[in-house]
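Have a look at the structure below before the remarks.
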Amino acid sequence: MDAVIHFLDGLTYWHWFAFGAALVILEILTPTFYLIWPGIAAVVVGLLLLVMPDLSWTVTLTVFGVLSVVTTLVWQSFFSPHAHDETNRISLNQRATRNIGRRAVVAAGFHSGRGPILLDDTRWQAISESGSDLAPGMAVEIVGADGAVLLVRAA
């Protein structure tokens with residue numbers, strides 16, 4: 001335990017800068033936005049040690065830990081691309097509902113109001129909203145979903 005305390009007590013500002021740079025480089029290699037915040041926190045601790053070189057290792061480690069957690073949580077809560085995206089939460093595990101409003105093409109003729117459509121590179125089963133038969137190659141708009149079956153109307 002004394003060796004660990006001796007190591008931590010010997011850390012200087014450039015150690016924290018190097019640690020921060022390593023974390024930022026790892027973030028660039030794995031774009032997750034989780035390593036950037038501890039990397040920035042390490043650089044801030046390095047700057048703190050540059051200005052106040054007499055800080056103890058317990059203070060620097062505490063500042064690093066608190067800054068890492070707080071900055072990560074703030075980013076996750078307010079600035080994450082999906083932080084306030086309610087549609088992702090509603091349509092989670094409901095792939096068909098994500099297609100509502102999109103256009104597709106009838107793959108084969110509809111019979112009794114049912115048939116396949118092509119959406120991107122996937123063939124989906126669909127039901128005509130009006131119950132009418134649709135011709136192959138016809139453009140349709142997806143207006144709803146029932147499980148994995150899409151509800152369509154002529155576009």
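No value in this document is a laboratory result; all are computed from the given coordinates. Predicted model, so just to flag it, every value in this text is computed and none were measured. Here Cβ is always computed from backbone atoms with ideal geometry, including for glycine, and neighbour counts include all displayed protein chains.
For region 46-67, which residues satisfy the criterion of being within 10 Å of LEU11 (Cβ to Cβ) and of a type in the set (Val, Ile, Thr)? The answer is THR60, and nothing else. Residues that are in contact (Cβ under 8 Å) with a residue 40 or more places away in the chain and in contact with a Gly (Cβ under 7 Å, 6 or more places away or on another chain) within region 1-36 comprise TYR13, TRP16, listed in sequence order.
Here is a list: GLY147, GLY113. Which entry is at positive phi and surrounded by 13 or more Cβ atoms within 10 Å (Cβ to Cβ)?
Details: GLY147 fails: surrounded by 13 or more Cβ atoms within 10 Å (Cβ to Cβ).
None of the others qualify; the one that does is GLY113.
For region 92-155, which fully contained strands (runs of 3 or more DSSP E) count at least 2 residues that are touching a Leu at 6+ places or on another chain (Cβ under 6 Å) and of a type outside the set (Val, Ile, Thr)? Walk me through it before giving the result.
Numbers: elements: 103-106, 114-119, 122-128, 139-146, 149-154.
Passing ranges, in order: 122-128.
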